[in-house]
Amino acid sequence: MAQNPLPNPASDSDTNKATITFDGKAVSCRPDTSLAVALWDHGVRHLSHSHKYGRPRGVTCARGHCTNCLMRVDGVPNVRTCETTVLPGMEVNTQDTGAFYGAPMQKLLSLGSAWMPVGFYYKWFTKPASLSRFFLDRIRPLTGVGRLPDAARGVRALPAAPAAEVTTQKADLGRFANIVVGAGPTGLQAARHLAGRTLLVDDCAIAGGQRLAALRELAADRNGTLARFPTLASALERIESAADGLAANSAVQFMGAAKAVAGYFPDGVLVRQGDNLMTARFDNLVWAAGALDTIGLFPGNDTPGLFGPRALYRLLTRDGLQVNGRHAVLIGGGLDFWLCAALLASRGATLNLVVTESGCQSEVAAAVDLKWSLNTGVVLKEIKGIGGHKVQATFDPHGSAPGPTGSHMHLEADLAVICNTGKPAYDIPYQLGADLALVPQRGGFVPRGCQESEDRIFKQALPGGAEISFAGEALGLLPTDQVKS
Amino acid sequence: MSARSAANRIFLCRCEDVTLQEFHQAYKEGFTEMESLKRYTGLGTGFCQGKGCLSEAAGELAELRGLQPSEIRLTNIRPPAEPLTFAQLAGLDLAAGDTDSGNQEDGA
């Protein structure tokens, strides 16, 4: 299935509807959004069920990383619906066991899974070894795993891969002195000062990244919310000036809506733009890919409707997720917390803020001024999906602040956003052979030894002789920190 | 496991449905390295290839073993970093020997 780059941002073309078929029913939706968001706006939040415990799952990362939004589109299985643009006439089907046995059986399986002992799935049916083939052949298919649609069920079989999808043009971008992955403020500033032919790659269509798209939308909002939050206003100014500075360096080639998708050679990466996959070589790789959302470990951390800030930016600014009149719970602190809050409020959502960090008095004052509902001094205990496509967050009162309902405080919402410090993106550097270590103070895997240095850019030699430089959030720094060249 | 504790499942790896309880159970059974834990529980072998869970799991393991987090050895992570189609890969123009990168140390 083609993964088209998504239009940016969604316009109000409500008159211009596309009709798709979802599990046999016609659904009318906006054509300029991703399938996952079109279905969300239509009231479909559960896009799949997890294959072991049958847990309902919905769009989570919104960047094609996770399993939660996979569906069968026009007969092709495992299509990432969060990255697939709606086209009129698309035939979309859920692809988990429910698709084979129907909803009642799915429900029964989910109930049964509650009594599965820990380790059931990887311990049972493995002994004796002589019978494992029998188990694999007979018992596994009973769950529906590995089955593809057939004509008898009225679903089209897998089409042959169209020959046109094979990429033959411009498959090699050539060699660059520098490849900068990530065109957020960090990547932009790095690219501005680098010498030699430089390639700048970002999965956002605009130079500046997803926060810039969110900040620009907020700046265009007539209510003047941005002016009430000095940290957001200065972030906008900083990223805009970094984006402007890019024009000053003519040696930089910017590729938007493109992703570095593999560290495949000692001195090269694979870059995907739409359906085109290309090789690109480097002498120096600047890894400014930012961070991934950290949801955290708590009961119900897989509940649909639970997002990190980065996913929310993409859902709102790229796909135009409709939140008007919805209730949102935001938990956390920092730049992303206030940016998400302001963005959701400007889109007409009702907010319930749970601030877990201290030292943000000016933001709290602004939120009080805006009559946003605020809670402080509580600890997140659990999030779960409840009826009516709602999530319920439960908090324990902490310290002296008592919860409104006795020992616990429950907040109900259509979506919950957890704004923790992100974890540095690390996969491609690691594939290239970088020496990484887990440093909790930096949020995740970062180059070994970087925590002992104050440097904003940390260099390492790769086994193939090329060099890699980590910077910004990918080095575990906060988004408010600035690269100094 | 009772229905009550099932409601309290904490998901470490969402792709392969590995809970924190399963991870701890596997550790108790003697799997004390990230690589063997990955193979036993399926953690980090799903669609996201560990983007969602490896740093969390490594942090848990450091705590269980009483080690510094930086002492935990990572599992191997091989390219690509996101699923690609064979059609896309077939379109690449690769030279001979263009198939290897650095992260192959123990041949696992």
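The values are calculated or read from the model by the stated rules, or taken from the named source; none is laboratory data. In this text, all values refer to a predicted model and were calculated from it rather than measured experimentally. All Cβ positions, glycine included, derive from the backbone under ideal geometry; neighbour counts span all protein chains shown. To get the accessible areas, we keep the full protein, side chains included, count just its heavy atoms, and leave off ligands, DNA and RNA. Shrake-Rupley method; radii C 1.70, N 1.55, O 1.52, S 1.80 Å.
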Subset of the stretch A:350-375 (residues that are in contact with a helix residue (DSSP H, G or I) (Cβ under 8 Å, 6 or more places away or on another chain) and of a type in the set (S, T, N, Q)): A:S362
The stretch A:269-301, residues that are over 25 Å from A:A205 (Cβ atoms) and open to solvent by less than 10 Å² (accessible area, probe 1.4 Å): A:G300, A:N301
Of residues in the stretch A:198-215 being closer than 18 Å to A:V261 by Cβ and in a strand (DSSP E or B), the one farthest from the chain's Cα centre (by Cα): A:L199
Qualifying residue in the stretch A:78-85 (condition: charged (D, E, K, R) and at pLDDT 90 or above): yes
Test result for A:P304, surrounded by 19 or more Cβ atoms within 10 Å (Cβ to Cβ), at negative phi, more than 10 Å from chain B (Cβ to nearest Cβ) and touching a residue at least 24 places away in the same chain (Cβ under 8 Å): yes
Residue within the stretch A:198-205 that is of a type in the set (A, V, I, L, M), buried (at least 21 other Cβ atoms within 10 Å of the Cβ) and over 27 Å from A:T279 (Cα atoms) present: no
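Each row is one residue, and each column tells you yes or no for (1) surrounded by fewer than 22 Cβ atoms within 10 Å (Cβ to Cβ); (2) modelled with pLDDT under 90.
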| position | (1), (2) |
| --- | --- |
| A:G449 | yes, no |
| A:Q460 | yes, no |
| A:G472 | no, no |
| A:L478 | yes, yes |
| A:Q482 | yes, yes |
Checklist (1) at pLDDT 90 or above; (2) surrounded by fewer than 20 Cβ atoms within 10 Å (Cβ to Cβ); (3) not charged (D, E, K, R) applied to A:N16, failing item: (1)
Test: residue in the stretch A:454-463 that is among the aromatic types (F, W, Y) and not in a strand (DSSP E or B): no
All positions within the stretch B:35-56 that are part of a helix (DSSP H, G or I), out of contact with any helix residue (DSSP H, G or I) (no Cβ under 6 Å at 6 or more places or on another chain) and crowded, with 20+ Cβ neighbours inside 10 Å: B:K38, B:L54, B:S55, B:E56
Any hit, the stretch B:62-70, residues being at the interface with chain A (Cβ under 8 Å from one of its Cβ atoms), of a type outside the set (K, R) and either within 17 Å of A:Y430 (Cβ to Cβ) or in contact with a Phe, Trp or Tyr (Cβ under 8 Å, 6 or more places away or on another chain) (or both): yes
Selection within the stretch A:15-59 - within 14 Å of another protein chain (Cβ to nearest Cβ), touching a residue at least 60 places away in the same chain (Cβ under 8 Å) and out of contact with any strand residue (DSSP E or B) (no Cβ under 7 Å at 6 or more places or on another chain): A:H51, A:K52, A:Y53, A:G58, A:V59
Residue, farthest from A:A291 (Cα to Cα), within the stretch B:57-75, restricted to residues that are open to solvent by 10 Å² or more (accessible area, probe 1.4 Å) and within 12 Å of the chain's Cα centre (by Cα): B:R73
Top-ranked residue in the stretch B:1-34 [being part of a helix (DSSP H, G or I), of a type outside the set (S, T, N, Q) and within 18 Å of A:F298 (Cβ to Cβ); ranked as modelled with the lowest pLDDT]: B:R4
